[in-house]
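Before I ask anything, here is the structure I am working with.
The values are calculated or read from the model by the stated rules, or taken from the named source; none is laboratory data. In this text the structure is predicted, and so the values were computed from the model without any measurement. Don't worry about glycine lacking a Cβ; one is built from the backbone with ideal geometry, like all the others, and counts go over all protein chains shown.
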Amino acid sequence: MGGFFGVVAETDCVSDLFYGTDYHSHLGTKRGGLAVTNSRGAIIRYIHDITNSQFRSKFDADLSKLEGKCGIGVISDMEDQPLIIGSHLGIYSIVTVGRINNIEEITRRSIKEHHIHFSELSRGEYNPTEVVASLINTESTLEKGIEKAMNCIDGSCSMLIMADHAIYAVRDKYGRTPVVIGKRHGAYCAAMESTALPNLDYTLDRELGPGEIVKITQDAIVQIKEPEDTMQICSFFWVYFGYPSSNYEGQNTETVRYRNGALIAEEDDDLDIDSVCGIPDSGVAHAIGYSNATDKPYQRALVKYTPTWPRSFTPTNQALRDLVAKMKLLPVEGQIEGKKLLFCDDSIVRGTQFKNIAKRLYEFGAKEVHMRSASPPLMFPCLFLNFSRSKSALDLIARRIINTLEGGEPDDAVLQEYSTAGTSRYNRMVEEIRKSLGLTTLKYQSMEKMVEAIGLPKEKICTYCFDGCNPIKCKHCTCEK
């Protein structure tokens, strides 16, 4: 997915920029980048590949070459960022996080109508950040250009733009990703993760609303555009993406996961197990919540080798994902042999990871392996944040099972029945997934309980990947809008 951090300060900002950007590394995938406006007014930029190494290790040598009071940094999904753009609006630097579903349409129209070209091509694909910049540059001011870009994009886009020793912080039109503003004496920052603030001595000034635009200078934060009314923040920030210490819309990630685990446990009053375990890292808090609610001991049957292995959703290649998933998790034999184990994880996406885990647990002597997913079955590939690398719905184990059961692609009404916990089709699907993964029992958190754990009204949370509900377009859903 990606994350960003920006600073405007009365003194040199490079240290804050470096560490603040690094605090978004859990969101990252392939590229890290920093750009700083130096004392001469020039923008200096460094970008490195961080696929197989930590962000900090790649930028240590660059810090001595950077100085300035204004900077932006990014952990990028795929493309090189930040970009430095020269146009009739002047020279500025830009970073974006999101997904542009209509990128081909935008680029064709831009080339035809404005006779422009795109240079930032990788693997035959346009760089989304450059495409956003091209939209901005069609207007007479940065402010108007940002608004135009936000209105043209189908998908999502939050961004930071550095220009003239100031930063524009922009939250996605429907608030699918968070953006927070921090302050301390002599400095302001903008971040996606509030966890980046405290250790750099920033306090939370405000969370931007959906579609809100602010301009940050050394002296003030000026609102350029008021928030929109419709909120669709991604539910997976609490389930999986978010760092435990981060807050989104006033709801702390770790606390939500404890509540979620406790609500999952309500369905297991009579389950005979020896211990509750979490799949590291994001399943741990859900498991602790489950353990606290049931008085079943939380124990670590699997531990993560943290020094080198990234999150297993990151690689685009399935074989590499499987390798990461296997190599990063180490079995604790003394907590496995002869035990009835219940595992909590954030979700079940393709199913390959936990199928292999279950097989290994049995090989190490587990008597029973129970699985509890902290979210409902994933039914639709994400349209907004590149949550998974799924290029087809059939990459998702739930959809593969459904197609097998139905003998082909089901219509929307049938998919809605499979998406609704407790229906006969839903129960049959879960049972087939259980058998395919080799589990003793399998249960998913219901939509209603997940939303209850998050603590926000459902209409403010994006649940598209679970139920196909997109209130913005009313596609696949029965929402009132």
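Among the candidates Ile454, Ile472, Ile433, Ile397, single out the residue that is out of contact with any Gly (no Cβ under 9 Å at 6 or more places or on another chain) and modelled with pLDDT of 95 or more. Full working, then the answer.
On the way: Ile472 fails: modelled with pLDDT of 95 or more; Ile433 fails: out of contact with any Gly (no Cβ under 9 Å at 6 or more places or on another chain); Ile397 fails: out of contact with any Gly (no Cβ under 9 Å at 6 or more places or on another chain).
Result of the check over Ile454, Ile472, Ile433, Ile397: Ile454.
Testing Arg311 on (1) assigned to a helix (DSSP H, G or I); (2) modelled with pLDDT under 95, one condition comes back false. Which one is that?
Only one criterion in (1) assigned to a helix (DSSP H, G or I); (2) modelled with pLDDT under 95 is unmet by Arg311, namely (1).
Here's another thing I want to ask about it. In the list Glu480, Glu406, which residue meets the criterion of being at pLDDT 95 or above and among the acidic types (Asp, Glu)?
Being at pLDDT 95 or above and among the acidic types (Asp, Glu) holds for just one of Glu480, Glu406, which is Glu406.
Considering region 199-227 alone, what residues qualify as being without any contact (Cβ under 8 Å) to a residue 12 or more places away in the chain and not β-branched (Val, Ile, Thr)?
Kept after step one, since they are without any contact (Cβ under 8 Å) to a residue 12 or more places away in the chain, are these residues of region 199-227: 219-220, 222-223.
Of everything in region 199-227, those that are without any contact (Cβ under 8 Å) to a residue 12 or more places away in the chain and not β-branched (Val, Ile, Thr) turn out to be Asp219, Ala220, Gln223.
Now for a separate question. Starting from region 6-17, keep only residues that are part of a loop (DSSP other than H, G, I, E, B), then list their pairs with residues that are surrounded by 21 or more Cβ atoms within 10 Å (Cβ to Cβ) whose Cβ atoms are within a distance under 6 Å, requiring at least 6 positions of separation or different chains.
Pairs found: Cys13/Val7; Cys13/Gly71.
Separate question: Do any strands (runs of 3 or more DSSP E) entirely within region 141-217 hold 3 or more residues that are out of contact with any Ser or Thr (no Cβ under 7 Å at 6 or more places or on another chain) and either on the phi < 0 side of the Ramachandran plot or assigned by TED's automatic domain parsing to the domain that holds Gly71 (or both), and if so, which? I'd like the intermediate steps shown before the answer.
Values: elements: 155-163, 166-170, 180-184, 187-191, 203-207, 213-216.
The qualifying strands (runs of 3 or more DSSP E) are 155-163, 166-170, 187-191, 203-207, 213-216.
Of all the residues that make up region 441-475, how many are hydroxyl-bearing (Ser, Thr, Tyr), crowded, with 18+ Cβ neighbours inside 10 Å and under 24 Å from Asn356 (Cα atoms)? Spell out how you get there, then give the answer.
Looking only at region 441-475, we keep the residues that are hydroxyl-bearing (Ser, Thr, Tyr), and these are 441, 444, 446, 463-464.
Those left that are additionally crowded, with 18+ Cβ neighbours inside 10 Å: 444, 446, 463-464.
Among the residues that remain, those that are also under 24 Å from Asn356 (Cα atoms) are: 444.
Total satisfying the criteria: 1.
Provide a single number: the residues in region 49-78 that are out of contact with any strand residue (DSSP E or B) (no Cβ under 6 Å at 6 or more places or on another chain), touching a residue at least 40 places away in the same chain (Cβ under 8 Å) and acidic (Asp, Glu).
1
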